[in-house]
Structure formats: structure tokens, C-alpha cells
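Colleague: I have a structure here, written as C-alpha cells, and I will follow up with some questions on it.
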Amino acid sequence: MSVNSGWLDEAIIQAEKSWGEGGIPIGSVLVNSTGEVVSRGHNQRVQTGDPTAHAEVVCIRNAGRRRDWGELTLVSTLSPCIMCTGTALLFGIKSVVVGENTTFIGAEGLMSTNGVKVTVLQDKRCIELMLRFQEEKPDLWAEDIGL
């Protein structure tokens with residue numbers, strides 16, 4: 001299945017939702033084998049005080065119990081961190097689309113070495129979201145990535 005630009009559009013809507021709530025502008029969606037978005041999530045670390053509430057983890061939680069994890073594609077506006085990568089690996093997700101990895105490179109190598117197809121788009125909108133975040137909220141950026 002080829003990457004559908006609408007998937008990233010949906011993830012960006014989630015990132016903007018988080019930003020609008022005062023959170024970290026990262027969004028994610030899960031797409032099934034027919035290209036339908038089956039789950040959405042946005043980073044909620046700030047909003048909920050939950051340090052594990054990354055966009056990808058929230059999206060996977062929102063998907064509920066499933067048996068088709070290996071057929072799903074995880075789409076994220078930013079390269080998934082080690083925790084989000086581990087969650088995707090735990091559930092057997094075999095395809096991950098990354099909006100951008102110029103502002104942060106997550107655990108893409110770990111995904112690849114575990115058989116996950118990683119597609120990096122370097123989408124200008126995703127890059128601009130994270131650059132704006134870094135500029136406007138440097139303390140929160142440092143907290144989020146552990147500087």
C-alpha cells in the first residue's frame with residue numbers, strides 16, 4: 001500500500017489540536033489495510049500530566065483491542081521516540097510513516113532492524129510545527145526530549 005497524503009493531513013490536524021490545547025504539537029493516526037483511518041491521537045503530556053501520553057501511544061490506546069495490528073500503518077508527524085517505537089513493536093505494527101525527522105530523530109533504526117518499513121516524508125508543515133514549538137516554548141521542548 002502506498003502512502004496517502006491524507007493520512008499525514010489527519011495526523012497534522014491532531015498535532016494542531018494538541019498545540020491549540022497548550023500541548024506539544026505532535027499527532028498520529030493508525031490506518032488499516034484499505035487506507036481508512038481507524039484511530040487518532042495527539043500528544044497529551046502537558047494537558048494530562050501523563051509523561052507516557054505521546055501522540056503515538058494515545059493513538060494506539062484509542063484503537064482499542066484489535067487483531068490486525070500487523071496490517072496497520074502508524075503515521076506520526078514526528079519521528080517516534082524509543083517509547084513509541086517500543087509500543088509499535090510490541091503490537092507488531094509493520095509500517096510507520098514519519099512526517100519529519102529533521103528536528104528530532106527517534107528510534108527509526110530500531111524499527112527498521114525489527115522489520116518495520118519506515119517512510120520519512122520530511123513534510124514542510126511538520127517541520128514548521130516543531131520549529132515553531134522549539135522557538136515559542138524552548139523549556140517545554142527541553143522537557144519533552146530530555147535536554
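Colleague: Provide the percentage of antiparallel DSSP beta bridges, counting only those with both residues in the chain; round to the nearest 5.
Modeller: Working: 9 of 17 bridges.
Of those bridges, close to 55 percent are antiparallel.
Colleague: When we measure straight from the Cα of residue 117, which lysines land under 25 angstrom away, once same-chain ones fewer than 8 places off are left out?
Modeller: 94
Colleague: On to the next question. Taking residue 124 as the anchor, which aspartates and glutamates have their alpha carbon closer than 19 Å to its alpha carbon, excluding any fewer than eight residues away along the same chain?
Modeller: 9, 10, 16, 100, 135, 136
Colleague: Continuing with the same structure: Can you tell me the accessible area per residue over segment 1-112, all protein chains present, probe 1.4 angstrom, in square angstrom?
Modeller: Here the per-residue accessible area is 41 Å².
Colleague: So if I take the centroid of the Cα atoms in segment 1-52 and the same for segment 78-147, what is the distance between those two points in Å?
Modeller: One Cα centre to the other: 12 Å.
Colleague: On the protein heavy atoms, probe 1.4 angstrom, tell me the percent of accessible surface of segment 17-83 carried by carbon and sulfur.
Modeller: Working: 1300 of 2750 Å².
Heavy-atom surface of segment 17-83 belonging to carbon and sulfur, 1.4 Å probe: 47 percent.
Colleague: With each run of n ≥ 4 DSSP H residues scored as -39500 (n - 2.57), what mean residue ellipticity at 222 nm is computed for the chain after dividing by its residue count and rounding to the nearest 500 deg cm²/dmol? Mind showing how you got there, number by number?
Modeller: Values: 7 runs with 65 residues, N = 147.
Roughly -12500 deg cm²/dmol at 222 nm, from the helical runs in the chain.
Colleague: Another question, if that's okay. Computed from the coordinates I sent, Cα Rg over 2.2 N^0.38 Å equals one of (i) 0.94; (ii) 1.04; (iii) 1.31. Tell me the label.
Modeller: Computed from the coordinates, Cα Rg over 2.2 N^0.38 Å corresponds to (i).
Colleague: Can I ask one more? Roughly how much of residue 46 is accessible, in Å² to the nearest 10, using a 1.4 Å probe?
Modeller: Taking all protein chains as shown, residue 46 has close to 60 Å².
The values are calculated or read from the model by the stated rules, or taken from the named source; none is laboratory data. Keep in mind that what you see is a predicted model, and the values were worked out from it rather than measured. Areas reflect the complete protein model, heavy atoms only, side chains present, ligands, DNA and RNA absent. Shrake-Rupley method; radii C 1.70, N 1.55, O 1.52, S 1.80 Å.
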